[in-house]
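**Student:** Submitted below is the structure of interest, expressed as C-alpha cells.
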Amino acid sequence: MPRLDHVVIHITDWERSNAFYRDVVGAEVVEDAGRTAYRIGDQQLNVHGPGVRPALVARVPVAPGNSDLCFEWPGRVDDAVTHLTRHGVAVEAGPMTRGGARGQGTSVYFRDPDGSLLEFICYRR
C-alpha cells in the first residue's frame with residue numbers, strides 16, 4: 001500500500017520559516033544536495049523558496065501561503081494551544097471537532113509566516 005512520503009510548500013524567507021517550522025511545528029530542518037526540507041516523523045515537507053527553482057514536472061508550482069496542512073499533535077488540544085501561544089502564534093479557529101486520518105479529533109488552526117493554513121489535530125481527549 002502506498003504511503004505519503006512528502007509534500008511541497010513554498011516560503012518567502014528561509015530564516016523565518018526555518019525557525020517557525022522547527023520551533024512551532026517541531027520539524028527537523030534538513031539540508032540535502034543544496035535543498036532544504038522539513039522532516040516531521042516519517043514524512044517530509046520539501047521547501048521551495050528564494051533561489052530554488054521548482055521541478056519542471058510541476059504544472060503550476062505551489063505559491064507561498066497556498067498550502068493547507070494538518071499535523072497530528074501528540075497530546076491534548078489545550079497543550080497545543082498553549083504551545084502556539086507561547087510562540088506568539090494566533091489560533092485562527094478552534095478548538096473544534098474534525099475528521100482526520102485516524103478518525104475524529106480536536107483541531108486548532110493557525111497560519112505559518114507566509115499565510116499557509118496549518119492545523120494541529122489531537123486524537124487524545
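**Student:** In terms of the Cα gyration tensor, with a ≥ b ≥ c the square roots of its eigenvalues, is the chain rounded because a/c is under 1.5, prolate because a/b exceeds b/c, or oblate? Mind showing how you got there, number by number?
**Tutor:** Numbers: a/c = 1.90, a/b = 1.53, b/c = 1.25.
Since a/c reaches 1.5 and a/b is larger than b/c, the shape of the chain is classed as prolate.
**Student:** Between rounded, prolate and oblate, where does the range 15-54 land on the alpha carbon gyration tensor, with a ≥ b ≥ c its root eigenvalues, rounded for a/c under 1.5, else prolate if a/b exceeds b/c?
**Tutor:** In terms of gyration-tensor shape, oblate.
**Student:** What do you get for the angle between helix 77-86 and the principal long axis of the chain? Use alpha-carbon atoms, 0 to 90 degrees, nearest ten.
**Tutor:** In the chain, helix 77-86 runs at an angle near 60 degrees to the longest axis.
**Student:** Let me ask something else about it. If you keep only loop residues by DSSP, which trypsin sites (Lys or Arg not before Pro) in the range 28-100 have at most 16 other Cβ atoms within 10 Å of their Cβ?
**Tutor:** Arg59, Arg76
Read the figures in this text as sums done on the coordinates, not as results from a lab. Source: prediction; values computed, not measured. Every residue, glycine as well, gets a Cβ built from its backbone with ideal geometry; the counts of neighbours run over all protein chains shown.
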